[in-house]
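First up is the structure itself, then whatever we jot down about it.
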Amino acid sequence: MQPDERALRQAIIDKCRWMNASGLNQGTSGNISARFGARMLITPSAVPYDAMEPRMIASMPIEDEHGAWDGPRKPSSEWRFHLDILRARPEAGAIVHTHAPYCTSLAIARRDIPPVHYMIACFGGSDVRCSDYATFGTEALSRAALEALEGRKACLLANHGMIAVGADLEQAMWLAVELEALARQYWTALQIGGPVLLSEAEIAEALAAFSGYGLQRAETRTP
Ligand SMILES: [Zn+2]
């Protein structure tokens, strides 16, 4: 294995451990993938993150839709939406999927996240959508996720969790953290009479400011 591939595999494991330690995810319910040339590296199924080693990360050809894989362990049961997102979104370099508590609570209530805070613009528009429901691991879930992700860098998965899509692992994890913060803020505002929403014009201004400002690497860094 080349050093850069080994480093990316280790980075995936480090992010998995960090997302559990931070409370963003629990157990092995989340999974992370990253683009490595024409292949997708993805966490294996049912291996505790503390026991995970770089060689256990599964590798799949991105252009093969039938789920061919290499490795000592089979890929996460959610490999299909990871693969389909990388195929459909050439700008995507990494995907974080978690059952983060507040995102999942809103997804259980089948709520989109409306423009409650200007940070929603980080996700590409004035909302973060909740997908239709489909059984985990299915092609139907993959289709529902892609639809909810249209023009966005994240979505909620109905009665399931969330997906964040970044240019690289750092950005995908940063977006996952920001989405959970937004979900928590929205949930909290609902307890005290409901949010006052920002207008389309106010979100457009935030979007313009973000594109001028750029998403600096230093800001998107998680340990
Ligand atoms: Zn899941």
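The values are calculated or read from the model by the stated rules, or taken from the named source; none is laboratory data. A quick note: this is a predicted structure, and the numbers were derived from the prediction, not measured. Here the Cβ positions follow ideal geometry from the backbone for every residue, glycine too, while neighbour counts run over all protein chains shown.
Tallying residues that are more than 24 Å from the chain's Cα centre (by Cα) and surrounded by 11 or more Cβ atoms within 10 Å (Cβ to Cβ) within region 195-210 yields 6. Taking the condition farther than 15 Å from VAL177 by Cα, aliphatic (A, V, I, L, M) and away from the ligand (no atom under 12 Å from the Cβ), does ALA158 pass? Judged against the criteria, ALA158 is not a match. Residue by residue through region 36-47, note down the ones that are surrounded by fewer than 16 Cβ atoms within 10 Å (Cβ to Cβ) and either away from the ligand (no atom under 16 Å from the Cβ) or modelled with pLDDT of 95 or more (or both). Within region 36-47, GLY37, ALA38 qualify. The selection criterion, being crowded, with 23+ Cβ neighbours inside 10 Å, of a type outside the set (D, E, K, R) and farther than 26 Å from TYR102 by Cβ, does not hold for LEU8.
Has region 79-102 got at least one residue that is among the aromatic types (Phe, Trp, Tyr) and away from the ligand (no atom under 15 Å from the Cβ)? Explain how you work it out, then say what you get.
Pass one, region 79-102, residues among the aromatic types (Phe, Trp, Tyr): 79, 81, 102.
Next cut, away from the ligand (no atom under 15 Å from the Cβ) only: 102.
So far as region 79-102 goes, yes, one or more of its residues are among the aromatic types (Phe, Trp, Tyr) and away from the ligand (no atom under 15 Å from the Cβ).
Determine whether ALA121 is among the small types (Gly, Ala, Ser), surrounded by 23 or more Cβ atoms within 10 Å (Cβ to Cβ) and closer than 16 Å to LYS153 by Cα.
Numbers: among the small types (Gly, Ala, Ser): yes; surrounded by 23 or more Cβ atoms within 10 Å (Cβ to Cβ): no; closer than 16 Å to LYS153 by Cα: yes.
The answer is no for ALA121.
Determine which member of the set PRO75, PRO61, PRO54, PRO44 is free of Cβ contacts under 8 Å to residues at least 24 places away in the same chain and not hydroxyl-bearing (Ser, Thr, Tyr).
Numbers: PRO75 fails: free of Cβ contacts under 8 Å to residues at least 24 places away in the same chain; PRO54 fails: free of Cβ contacts under 8 Å to residues at least 24 places away in the same chain; PRO44 fails: free of Cβ contacts under 8 Å to residues at least 24 places away in the same chain.
Answer to the check: PRO61.
In contact (Cβ under 8 Å) with a residue 40 or more places away in the chain, part of a helix (DSSP H, G or I) and either among the hydroxyl-bearing types (Ser, Thr, Tyr) or surrounded by fewer than 23 Cβ atoms within 10 Å (Cβ to Cβ) (or both) - does that describe any residue in region 17-35? Walk me through it before giving the result.
Within region 17-35, the first condition is being in contact (Cβ under 8 Å) with a residue 40 or more places away in the chain, and the residues that meet it are 18-19, 22-26, 29-35.
Right, trim to part of a helix (DSSP H, G or I) and you get 18-19.
After this cut, where a residue has to be either among the hydroxyl-bearing types (Ser, Thr, Tyr) or surrounded by fewer than 23 Cβ atoms within 10 Å (Cβ to Cβ) (or both) as well, the list is 18.
Yes, the conditions are met somewhere in region 17-35.
So that you can scan it fast, the table gives a plain yes or no per residue for (1) out of contact with any helix residue (DSSP H, G or I) (no Cβ under 6 Å at 6 or more places or on another chain); (2) not polar (S, T, N, Q):
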site	(1), (2)
VAL116	no, yes
SER126	no, no
GLU170	no, yes
ALA176	yes, yes
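Could you grab me the full set of residues in region 151-198 that are free of Cβ contacts under 8 Å to residues at least 24 places away in the same chain and either polar (S, T, N, Q) or more than 15 Å from VAL116 (Cα to Cα) (or both)? Result: THR188, GLN191.
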